[in-house]
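The values are calculated or read from the model by the stated rules, or taken from the named source; none is laboratory data. Nothing here was measured: the structure is a model prediction, and the numbers come from that model. Here the Cβ positions follow ideal geometry from the backbone for every residue, glycine too, while neighbour counts run over all protein chains shown. For accessibility, only protein heavy atoms count, side chains too; no ligands or nucleic acids. Shrake-Rupley method; radii C 1.70, N 1.55, O 1.52, S 1.80 Å.
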Amino acid sequence: MKILVLGSGGREHALSKKLAESSLCSKVYVCPGNVGTMLEKKCQNVDLEDIDDIIHFAKSEGIDLVVVGPEKYLMLGAVDKFRENGIKIFGPSKKAALLEGSKAYAKEFMKRYGVKTASYEVFEEFEKAKEYLNKVKYPVVIKADGLAQGKGVAICSSRDEAEDTLFSFMVEDLFKGSGKRVVIEEYLEGVEASIICITDGKSIKPFVSAKDHKRLMDNDRGPNTGGMGVVAPNRYVTDDVFEKFKEDIMERTLLGIREENLDYKGFIYFGIMITKEGPYLLEYNVRFGDPEAQAILSLLKSDLVEAILKTLDGRLDECDFKWIDGASCNVVLASRGYPISPICGDEIFGIQSIKDVDVYISGVKLENGRFYTNGGRVLSLTAVGETLELAREKVYKEIEKIKFEGMQYRRDI
């Protein structure tokens, strides 16, 4: 069968590679794709961005299945439009995608169905939000309601800092409309974890847990990023934590999806905080995380295409996912200036000398056989080992072969 993947990042490279491994798959088209997907076996890039143009391509090429990578297509209603045109597509509807597209909607959804989460209030007026700052305990969390490229969450340690954040979000309109409405939320202390699940709207199955590293520098210092590396499984997700997550968060979310008749056949990402009182839900994403996909899919032994097809048929309960008995470690290499002002165009050396680990491309340009940086997060390496220590040792050994001007990466993933 012919499969079309929408997106252009490291996540889409990982998805395309895993889908291409299936015996059910004859070819994977990636739209628009990147240098990594271009070089991957059975994969071909298609230089299209507009949904209507992509639908026309899917029809003319006889695409059997579409898999959506990034949230932007889901928020635009790509799933609804493809289905209206009779094309099989994996991902939540535009309405269901609001679980990521609006933090206020997501928090209200959590409240309705008893999902364990931090206490919060939603504000649309700056003065009322500012007044509420007199009543909260610090530190406090302020979230832009809409999508903000991973930069719409601020942890404020004082009232002055919180007011400055509200002003930049709501008055200065830092996020071009996404911060006009805000969620002010109780700060939770603990360890973060990512648990990605797959759901057909009737049942839900969790994948192996992961731990993302959002800060740019070692020891969780520096600015927030889209993610600088991931390990899987997350050692803080003990059996007890996992059972509480399933009972207090995952199953209650599925109840809400059922009760509200959300058309949800896709991945759902649970960002959780493991506290002394157990796991709390921080946020939903309605797609695979990046770079979580690179770490988690490296451990998946089961056929992903088969699982997706069963999910679309409402038969997810028949799937029994098999995992490599070990651990994976993913480390992101970022360009100089990232995440504030990434500088592109630096030549990358050593990519083709990498062995025994997977290289996933995010922002790379290929010209005359040479590789150049072409984004903030440039590429990532993922190693699998019998233990996390062995996986880490393997990935950091290979990183030494990669060189480009101002290369940034964490040494403590």
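Among the conditions (1) open to solvent by 10 Å² or more (accessible area, probe 1.4 Å); (2) in a helix (DSSP H, G or I); (3) in contact with a helix residue (DSSP H, G or I) (Cβ under 9 Å, 6 or more places away or on another chain), the only one that Gln294 does not satisfy is (1). Within region 271-284, residues that are modelled with pLDDT of 95 or more reach partners that are part of a strand (DSSP E or B) and hydroxyl-bearing (Ser, Thr, Tyr) with beta carbons closer than 7 Å, at six or more positions or on different chains, in the pairs Gly271/Ser194; Ile272/Tyr280; Met273/Tyr280; Tyr280/Thr117; Leu281/Thr117; Tyr284/Tyr269. Just checking, how many residues over region 99-110 are assigned to a helix (DSSP H, G or I) and either touching a Cys at 6+ places or on another chain (Cβ under 9 Å) or of a type in the set (Ser, Thr, Tyr) (or both)? Final tally of qualifying residues: 1.
Residues in region 84-139 that are surrounded by fewer than 22 Cβ atoms within 10 Å (Cβ to Cβ), in contact (Cβ under 8 Å) with a residue 40 or more places away in the chain and β-branched (Val, Ile, Thr): Val122, Val136. Failed condition for Tyr73, given (1) over 21 Å from Gln149 (Cβ atoms); (2) open to solvent by less than 20 Å² (accessible area, probe 1.4 Å), with all others met? Tyr73 satisfies all of (1) over 21 Å from Gln149 (Cβ atoms); (2) open to solvent by less than 20 Å² (accessible area, probe 1.4 Å) except (1). Counting only strands (runs of 3 or more DSSP E) that sit completely within region 146-260, those holding 1 or more residues that are open to solvent by 70 Å² or more (accessible area, probe 1.4 Å), out of contact with any helix residue (DSSP H, G or I) (no Cβ under 6 Å at 6 or more places or on another chain) and not aromatic (Phe, Trp, Tyr) correspond to 153-156, 182-186, 191-199, 215-217, 221-224.
Among the residues making up region 304-324, those that are assigned to a loop (DSSP other than H, G, I, E, B) and in contact with a helix residue (DSSP H, G or I) (Cβ under 9 Å, 6 or more places away or on another chain) are Arg315, Cys319, Phe321, Ile324. Collect the residues in region 313-347 that are surrounded by fewer than 15 Cβ atoms within 10 Å (Cβ to Cβ) and of a type in the set (Ser, Thr, Tyr), keeping them in residue-number order. Within region 313-347, Ser341 is the sole residue that qualifies.
Name every residue in region 32-61 that is open to solvent by less than 80 Å² (accessible area, probe 1.4 Å) and in a loop (DSSP other than H, G, I, E, B), in order of residue number. Matches in region 32-61: Gly33, Asn34, Glu40, Val46, Leu48, Asp50.
Total residues in region 62-98 satisfying the condition of being assigned to a helix (DSSP H, G or I), under 17 Å from the mean Cα position of the chain (by Cα) and more than 21 Å from Ser8 (Cβ to Cβ): the figure is 1. Filtering region 261-270 to residues that are touching a residue at least 60 places away in the same chain (Cβ under 8 Å) and part of a loop (DSSP other than H, G, I, E, B) leaves Leu262, Asp263. Identification of strands (runs of 3 or more DSSP E) wholly contained in region 349-413 with 2 or more residues that are open to solvent by 20 Å² or more (accessible area, probe 1.4 Å) and in contact with an Asp or Glu (Cβ under 7 Å, 6 or more places away or on another chain) yields 370-373. Count of region 1-31 residues, restricted to those that are open to solvent by less than 20 Å² (accessible area, probe 1.4 Å), at negative phi and either small (Gly, Ala, Ser) or assigned to a strand (DSSP E or B) (or both), is 14.
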